[in-house]
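Colleague: One structure coming up, written as structure tokens, with questions to follow.
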Amino acid sequence: MKQLIQGGRLLTAGRLGGEPADLLIDGDTILAVLPPGESVTDDARRIDATNRLLIPGLVNAHTHATVHLSKAMADRWSLELLLNAYPWTAGGRTLEYKYLSARIGAVEMVRKGCTACYDLVAEIPAPSVEGVEAVARAYDDIGMRAVIAPMMADVSFYRAIPGLLDAMPPSLRERAEAVRPQPFDASLATCRQLLAKWSFDRDRLRPALAPTIPHHCSDEFIIGCRELAKQHGIGVQMHVAESKVQAVVGVKRYGTTLVGHLHKLGLLAPNFTAAHAIWLDDDDIGRLADAGASVAHNPGSNLKLGSGLAATRKFRDRGVTFGIGTDGCVSSDNLNMFEAMRMAAFGSRVQGPDPRDWLTAAEAFEAATIGGARALGMESRIGRLEPGYQADIVFLDLTSINYVPLNEPLLHVVFCEDGTGIDRVMIGGKIVVQGGRVLGVDMGKLATEAADAVARLAKINANARDFVQALEPVVLDYCVGLARAPYPVHRWCGH
Ligand SMILES: [Zn+2]
């Protein structure tokens with residue numbers, strides 16, 4: 001079926017002025033960008049876009065479906081306190097809760113103009129085929145695109161940080177020592193199974209792999225992921241140098257930076273995405289660029305957890321593609337890509353006094369669209385509104401207060417829009433959001449299901465909560481001590 005979106009204005013890479021244009025769509029694909037009012041002879045269904053600005057669906061380059069039930073649970077946590085608390089905030093998920101948590105995230109993302117994401121699915125105690133499939137089903141049911149990767153480790157958080165176990169009182173140490181992720185070959189076997197039976201439409205839902213953090217994974221595990229990804233032609237995403245503690249531990253453990261270590265292991269490649277990538281030196285940025293790897297930049301999470309500010313100007317200057325992500329709901333806590341895009345622009349501006357070094361609105365917009373598409377490995381299909389690309393379109397209402405009065409459309413999108421100006425969202429030619437509602441979702445029912453799940457999870461995870469809360473002061477003091485150590489970054493990064 002053909003559809004003609006007429007009477008609107010178009011804002012996409014290469015057309016950042018937001019001039020009037022019509023879009024002809026055939027099925028799920030954009031067939032043509034037409035001058036306004038050009039007659040289309042066949043019987044295309046007309047969609048009136050008067051007073052609407054059409055932009056590509058935003059792409060969330062980094063999130064975690066199974067923690068969306070833990071929205072607004074934590075305040076002053078550093079990354080290390082968050083990782084300590086994971087058995088509490090991410091534990092106890094039945095298959096039903098994994099689906100529900102992913103559904104909550106997908107609803108928020110599409111409602112706020114995001115049409116595709118890269119999801120690192122955290123499962124405790126170990127990744128499972130059914131768990132990842134439950135997440136994929138949730139995205140499928142909402143109609144969203146996603147790259148979905150089981151997030152995995154074979155070293156516990158407590159062992160990953162040298163000296164942390166020794167800093168614990170014996171009563172807590174014993175239990176912390178007993179926390180052991182499953183051996184890596186079992187996780188790789190699960191991944192092989194998952195890849196062999198992946199039944200979702202790969203144009204919309206693709207599998208990937210996520211060995212979570214370099215020093216939480218043995219080298220054998222990382223190499224195993226590298227090889228499996230190569231065999232199947234899929235992506236690998238990993239949290240890299242997210243906090244100063246991680247950077248300090250990396251140098252202690254490997255005698256090189258974390259990126260340097262991954263380079264030695266041969267992981268850096270065009271299918272690789274480094275999430276966060278804050279504590280890098282110039283050589284690291286060069287290695288990522290030379291390998292054609294991408295970065296998933298998560299400014300909201302980085303600010304909330306006090307992790308630091310990524311060197312986005314250097315990424316651009318050195319040719320590292322970067323997308324923008326929200327991260328999961330324990331660390332961001334919303335999944336608002338408009339907000340993330342704005343924070344990416346603003347965060348670049350407190351790194352130095354020269355405005356020529358700051359990200360422009362156009363650069364932030366590019367990162368949230370074509371940069372994210374590249375990180376997802378979908379750059380030839382999404383991120384732009386051009387012939388041959390998927391019809392993933394956000395209709396912004398130019399009569400919403402975010403656009404009154406209308407000056408530079410691009411600056412409104414990056415600096416004023418917060419999702420409240422969204423009129424409709426289309427994915428692959430199909431409307432999924434209309435009039436502020438995600439179609440097919442009963443919000444009252446979703447809220448009740450979520451409240452029931454949260455109440456039940458509080459009971460299931462009570463013991464884990466008590467344990468991680470008892471450990472919190474130890475982790476806090478030890479990690480703050482590590483973070484105060486000098487670390488030789490060659491650039492100013494907020495610390
Ligand atoms: Zn993350």
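The values are calculated or read from the model by the stated rules, or taken from the named source; none is laboratory data. These numbers were taken from a predicted model, which means no experiment stands behind them. As a convention, Cβ positions derive from the backbone with ideal geometry for all residues, glycine included, and neighbour counts pool all protein chains shown. To get the accessible areas, we keep the full protein, side chains included, count just its heavy atoms, and leave off ligands, DNA and RNA. Shrake-Rupley method; radii C 1.70, N 1.55, O 1.52, S 1.80 Å.
Colleague: Among the listed residues ASP203, ASP166, ASP185, ASP154, identify the single one that is over 30 Å from ALA483 (Cβ atoms), of a type in the set (Asp, Glu) and either part of a helix (DSSP H, G or I) or at pLDDT 95 or above (or both). So that I can check it myself, show each step before the final result.
Modeller: Working: ASP203 fails: either part of a helix (DSSP H, G or I) or at pLDDT 95 or above (or both); ASP166 fails: over 30 Å from ALA483 (Cβ atoms); ASP154 fails: over 30 Å from ALA483 (Cβ atoms).
Exactly one residue qualifies, and that residue is ASP185.
Colleague: Something else: Just to be sure before I move on: is LEU209 assigned to a helix (DSSP H, G or I) and either in contact (Cβ under 8 Å) with a residue 12 or more places away in the chain or open to solvent by 10 Å² or more (accessible area, probe 1.4 Å) (or both) in the structure I sent?
Modeller: Details: assigned to a helix (DSSP H, G or I): no; either in contact (Cβ under 8 Å) with a residue 12 or more places away in the chain or open to solvent by 10 Å² or more (accessible area, probe 1.4 Å) (or both): yes.
Spelling it out, it is not the case that LEU209 is assigned to a helix (DSSP H, G or I) and either in contact (Cβ under 8 Å) with a residue 12 or more places away in the chain or open to solvent by 10 Å² or more (accessible area, probe 1.4 Å) (or both).
Colleague: On the given criteria, is ALA293 touching a residue at least 12 places away in the same chain (Cβ under 8 Å) and away from the ligand (no atom under 16 Å from the Cβ)?
Modeller: Values: touching a residue at least 12 places away in the same chain (Cβ under 8 Å): yes; away from the ligand (no atom under 16 Å from the Cβ): yes.
So ALA293 fits the description; yes.
Colleague: Right, here's the next one. Filter the range 221-246 down to the residues that are under 30 Å from LEU476 (Cα atoms) and over 21 Å from the mean Cα position of the chain (by Cα), then identify the one that is surrounded by the fewest Cβ atoms within 10 Å (Cβ to Cβ). Don't jump to the end; show me each part of the working.
Modeller: Within the range 221-246, the first condition is being under 30 Å from LEU476 (Cα atoms), and the residues that meet it are 221-222, 237-246.
Imposing the further condition that a residue be over 21 Å from the mean Cα position of the chain (by Cα) reduces the set to 221, 245.
Working: PHE221: 21, VAL245: 24.
My answer is PHE221.
Colleague: Does ASN298 qualify as being open to solvent by less than 10 Å² (accessible area, probe 1.4 Å), within 13 Å of the ligand (Cβ to nearest atom) and over 12 Å from the mean Cα position of the chain (by Cα)?
Modeller: No, not satisfied.
Colleague: Does ALA362 fit the bill of being in contact with a strand residue (DSSP E or B) (Cβ under 8 Å, 6 or more places away or on another chain), of a type in the set (A, V, I, L, M) and modelled with pLDDT of 95 or more? So that I can check it myself, show each step before the final result.
Modeller: On the way: in contact with a strand residue (DSSP E or B) (Cβ under 8 Å, 6 or more places away or on another chain): no; of a type in the set (A, V, I, L, M): yes; modelled with pLDDT of 95 or more: yes.
Here the answer is no, as ALA362 does not meet what is asked.
Colleague: Are any residues in the range 355-376 touching a residue at least 40 places away in the same chain (Cβ under 8 Å), open to solvent by 40 Å² or more (accessible area, probe 1.4 Å) and not charged (D, E, K, R), and if so, which ones? Walk me through how you get there before you give the answer.
Modeller: In the first step, residues of the range 355-376 are kept if they are touching a residue at least 40 places away in the same chain (Cβ under 8 Å); the result is 357-359, 361-376.
Filter once more, keeping what is open to solvent by 40 Å² or more (accessible area, probe 1.4 Å): 357-358, 366, 374.
Of everything in the range 355-376, just one residue is touching a residue at least 40 places away in the same chain (Cβ under 8 Å), open to solvent by 40 Å² or more (accessible area, probe 1.4 Å) and not charged (D, E, K, R), namely TRP358.
Colleague: Under 6 Å between Cβ atoms, which residue pairs at least 6 apart in sequence (or on different chains) link something in the range 326-345 that is within 21 Å of ALA311 (Cα to Cα) with a partner that is more than 12 Å from the ligand (Cβ to nearest atom) and part of a loop (DSSP other than H, G, I, E, B)?
Modeller: If the second residue must be more than 12 Å from the ligand (Cβ to nearest atom) and part of a loop (DSSP other than H, G, I, E, B), the pairs left are THR326/LEU335; PHE338/GLU417; PHE338/ASP418; PHE338/GLY419; ALA345/LEU359.
Colleague: Further question: Counting only residues that are without any contact (Cβ under 8 Å) to a residue 40 or more places away in the chain and touching a Pro at 6+ places or on another chain (Cβ under 9 Å), which one in the range 25-66 is farthest from THR212 (Cα to Cα)?
Modeller: GLY37
Residue-wise test of (1) of a type in the set (D, E, K, R); (2) in contact with a strand residue (DSSP E or B) (Cβ under 7 Å, 6 or more places away or on another chain).
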{"site": "LEU205", "(1), (2)": "no, yes"}
{"site": "ALA210", "(1), (2)": "no, yes"}
{"site": "ASP219", "(1), (2)": "yes, no"}
{"site": "SER301", "(1), (2)": "no, no"}
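Colleague: Can you go through ALA116, ALA126, ALA149 and tell me which one is more than 16 Å from the ligand (Cβ to nearest atom) and within 14 Å of the chain's Cα centre (by Cα)? Full working, then the answer.
Modeller: Numbers: ALA126 fails: within 14 Å of the chain's Cα centre (by Cα); ALA149 fails: more than 16 Å from the ligand (Cβ to nearest atom).
Only one candidate qualifies: ALA116.
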